[in-house]
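Take a look at the structure below.
The values are calculated or read from the model by the stated rules, or taken from the named source; none is laboratory data. Source: prediction; values computed, not measured. Methodologically, a virtual Cβ is constructed for each residue, glycine included, from the backbone with ideal geometry; neighbour enumeration extends over all protein chains shown.
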Amino acid sequence: MASNNEVNPLSGESSGETDSMSETGSSLPETASVEEDSHQKGSGFDALQLAERVLAAVHRSGYDEPTQVQAQVIPEMLAGRDVLAQSQTGSGKTAAFALPILSTIDPKQKSVQTLVLAPTRELAIQVAEAFDKYAADLKSFHSIAIYGGQDYEIQFRALRRGVQVVVGTPGRVIDHIKRGTLDLSELRCLVLDEADEMLNMGFLEDVEFILQQSPENRQVTLFSATLPAPIRSIADRYLIDPATVTIKKREVTAESIRQRAVIVPPKEKPSALTRFLEAEPTDGVIVFTKTKDATVRLAEHLVKRGFAAIALNGDMPQHLRERTIDQLKSGQLDVLVATDVAARGLDVSRISHVFNFDLPHDSESYIHRIGRTGRAGRSGEAVIFLTPAQRRKLKLIERATKKPIEVVQPPTAEQVNALRTERFKQRITEVIAQKDLTFFKGLIAEYAEQSDQPIELVAAAVAEIGQRGQPFLLTDRPKKSFRDDAESKFDAGSPNRREAPKGPRRLGPPEAGMVRYRIEVGRNDGVAPRNIVGAVANEAGIESEFIGPIKIYPHFSTVDLPEGMPKDIYRTLQRTWVAGKQLRIRPDRGPGPGGAKRRDDFRRGGKPAGGTAVRKKKKKKR
């Protein structure tokens, strides 16, 4: 894809789409994880005994037939049963629980009647938007998404006003419960959405805490793509005689998709992506990142280099999202930088390339991502960027897709420069053939004569002006990435996160560009590294690969994070809950310069970290 100076006017932040209820109107590609027998034939939403006002909103949305998970879950929830549903992303599960909840909710009652727990802020926003969409005809209905990173006052006002449905991430929900701003005494239904993802992010202890704070007679619905032992344990202990729903899917990867992997250091990924976009013939492109912030930064990086790119994440209003997708379909927009949640339900046939800029959470996500290309009989290209430390993940992906993945190098500077030169010549030919150049010919001839400069030199100067300060030729040394500006130094930490060795051995100083922080939760609280990673990644929006070494002591822990942390994120992390305790994060002072072994706390006579030992004053002899 050649870079394009006609950049789409939309820029910056974008949003996620509500979980689609059915694939009607868009064909599922052979390339994606395909749900077998995805529609319950001949039934229709009319047969599911939904409330009339809710059913009217469903019909306005253009949905006629429920998906399999909707057809099985809705009747059970309407009957008041607990539900354990194994269902994949994109199967319509949001509507499967939202529609029966809205059919039985009391809009006149201002107390919280439903709580939905979601692993990420993007999913929380998406689910809350789905509730609002299907509750359009329910007067006095209100919902709110509560998550880390949003101003508390916004959430306080909404909760004081009264909402019937709260959708939130576990850490922020616990925070409100402990503050007394979220009252669950009237709770009728608790939904655990993407429970396995909450397990992966270390939120399971938080989920259990919330379950324990809810009334015993509430209905519980648990959705999970997989059912590992910890999830089954939750279901066994907190669900009463649940209806079990399993939606089987067969996963296939189309022969028409060529899969490649690039092993590249984290800071060189933006440069490598740019080279691929310039060197390969592309049509529409989707670039997947892990976080909302990463979509914005990467889209801005591409726009600065002349690509028609935009970010798609959980912050874009629905009408702008729809407009953006229309522009991608029509060719006005070439590159979409998106999170997995925001790209759900996206069906654009012109997608030629999918770039996994960040490693997906699991092989299921990878298969779902690359299924966006190679549609309608076309061939497709899938490229995944892996850091050297992530290279071992390649075998896991190959095992899941049952296809070999070729490891390649990014296009070289020489290849990119040759293509730029050829395109430049082609553009000159097109302009000469299509434009009236009479005025400019006269202007340049006049200047050449007045300045006594050769016409070739004048033409070269005009070409340089057209570059607008950007070099025409690439050098072999990749340029610094979009993380290098002062504000984004926060995101430029070490890609090799690891748990620090257990035992008394002290960690060495943080790596360059990293700062060590102390958090007030430790081994005695039952915390594990994954709990800390999940909280920091979700609440602060830091990609997990940029979280440094974690050392867990009995009563506190330390974690290395990129320097330059913005104040709002710092305050958010101070208030974040993990394993039932607030992090209360602060810079770690560590032991003094003498290198003495650090003490876990003051109980054993150790001096306060980073301070001077407190000396007892001797009593004067009289």
### Query
Residue check, residue 324 against (1) outside any loop (DSSP other than H, G, I, E, B); (2) hydroxyl-bearing (Ser, Thr, Tyr); (3) over 20 Å from the mean Cα position of the chain (by Cα), all met but one. Which one?
(3)
### Query
Could you say whether any residue in segment 240-250 is under 24 Å from the mean Cα position of the chain (by Cα) and either of a type outside the set (A, V, I, L, M) or under 30 Å from residue 130 (Cβ atoms) (or both)?
yes
### Query
Out of segment 125-148, which residues are under 22 Å from residue 207 (Cβ atoms) and in contact with an Asp or Glu (Cβ under 9 Å, 6 or more places away or on another chain)?
125, 126, 127, 130, 143, 145, 146, 147, 148
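Answer yes if at least one residue in segment 534-546 is within 20 Å of residue 175 (Cβ to Cβ), modelled with pLDDT of 85 or more and not assigned by TED's automatic domain parsing to the domain that holds residue 361, and no otherwise.
To start, the set of residues in segment 534-546 that are within 20 Å of residue 175 (Cβ to Cβ) comprises 534-542.
This time we only want the ones that are modelled with pLDDT of 85 or more, so: none.
For segment 534-546, residues within 20 Å of residue 175 (Cβ to Cβ), modelled with pLDDT of 85 or more and not assigned by TED's automatic domain parsing to the domain that holds residue 361: absent.
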### Message
Looking at segment 441-459 only, could you name the residues that are part of a helix (DSSP H, G or I) and surrounded by 12 or more Cβ atoms within 10 Å (Cβ to Cβ)?
### Response
443, 444, 445, 447, 448, 455, 458, 459
### Task
Within segment 97-137, count every residue that is touching a helix residue (DSSP H, G or I) at 6+ places or on another chain (Cβ under 9 Å), within 23 Å of residue 60 (Cβ to Cβ) and surrounded by fewer than 20 Cβ atoms within 10 Å (Cβ to Cβ).
4
### Query
Among the candidates 221, 181, which residue alone is assigned to a strand (DSSP E or B), of a type in the set (Val, Ile, Thr) and at pLDDT 95 or above?
221
### Query
Hey, does segment 167-176 have a residue that's touching a residue at least 40 places away in the same chain (Cβ under 8 Å), assigned by TED's automatic domain parsing to the domain that holds residue 94 and part of a loop (DSSP other than H, G, I, E, B)?
yes
#### Entry: All strands (runs of 3 or more DSSP E) inside segment 225-318 with 1 or more residues being touching a residue at least 24 places away in the same chain (Cβ under 8 Å), among the polar types (S, T, N, Q) and surrounded by 18 or more Cβ atoms within 10 Å (Cβ to Cβ)
257-263
### Query
Is it fair to say residue 422 is free of Cβ contacts under 8 Å to residues at least 40 places away in the same chain, under 23 Å from residue 276 (Cβ atoms) and within 36 Å of the chain's Cα centre (by Cα)?
no
### Of all residues making up segment 327-338, the number that are over 22 Å from the mean Cα position of the chain (by Cα) and closer than 20 Å to residue 278 by Cα
2
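Take residue 158 and decide whether it is assigned by TED's automatic domain parsing to the domain that holds residue 75 and without any contact (Cβ under 8 Å) to a residue 24 or more places away in the chain. Outline the logic, then answer.
Working: assigned by TED's automatic domain parsing to the domain that holds residue 75: yes; without any contact (Cβ under 8 Å) to a residue 24 or more places away in the chain: yes.
So residue 158 fits the description; yes.
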